[in-house]
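The values are calculated or read from the model by the stated rules, or taken from the named source; none is laboratory data. Because the structure is predicted, anything quoted here is derived from the model rather than measured. Because the Cβ atoms are built from the backbone with ideal geometry, glycine has one as well, and the counts that use them run over all protein chains shown. Just the protein is used for accessible areas: all its heavy atoms, side chains included, with ligands, DNA and RNA removed. Shrake-Rupley method; radii C 1.70, N 1.55, O 1.52, S 1.80 Å.
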Amino acid sequence: MASSMSGMFPGQQPPAHPAPVPGAAAPLSAPSSSRAPGSGGSTTLVDDLEASFEACFASLVSQDYVNGTDQEEIRTGVDQCIQKFLDVARQIECFFLQKRLQLSVQKPEQVEKEDISELRNELQRKEMLIQKHLTKIHHWQQVLEDINVQHKKPTELPQGPLAFLEQASANLPAPIKPN
């Protein structure tokens, strides 16, 4: 998998014959307009993503924006930074989709193994969730049974104006006889 990501990180060369995907931009190197001024070298999509992410935060905490009174100008600047971040993120997503396509063509059994593994993990997660719900159901069933038992006890007691006194006197210990 590491070889499939070559060219995306600094110090790596792109593969000799990448499989082109129709309609997709070449994501292995960033456009020249997004290169850092004075850097001298080419940047990668990861570098561009990091720079655009930092620019998003910088635009939010910049003194120009904090002291500025034109809210529309602030909003426009922030929107532009966020849009650049989203564009680079889409390019990275496209890169990984291209690599996934290459992998599915070159090694279809690997994709099937990954799918099987994901399905097993999903089944395991759902089994744990079912067990958790069953435990809660058993708990609440026990609570309901306890409540039903408590409500049945008063009906077994004699009814009438002196029923409470009869019940209380039944629980008293027998009197001690003097010697």
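Would you confirm whether any residue within the stretch 56-67 is open to solvent by less than 40 Å² (accessible area, probe 1.4 Å), at pLDDT 75 or above and out of contact with any helix residue (DSSP H, G or I) (no Cβ under 9 Å at 6 or more places or on another chain)? Within the stretch 56-67, none of the residues are open to solvent by less than 40 Å² (accessible area, probe 1.4 Å), at pLDDT 75 or above and out of contact with any helix residue (DSSP H, G or I) (no Cβ under 9 Å at 6 or more places or on another chain).
Go over the candidates Lys113, Lys126, Lys99, Lys152 one by one and state the one that is among the basic types (Lys, Arg), part of a helix (DSSP H, G or I) and open to solvent by less than 90 Å² (accessible area, probe 1.4 Å).
Lys99
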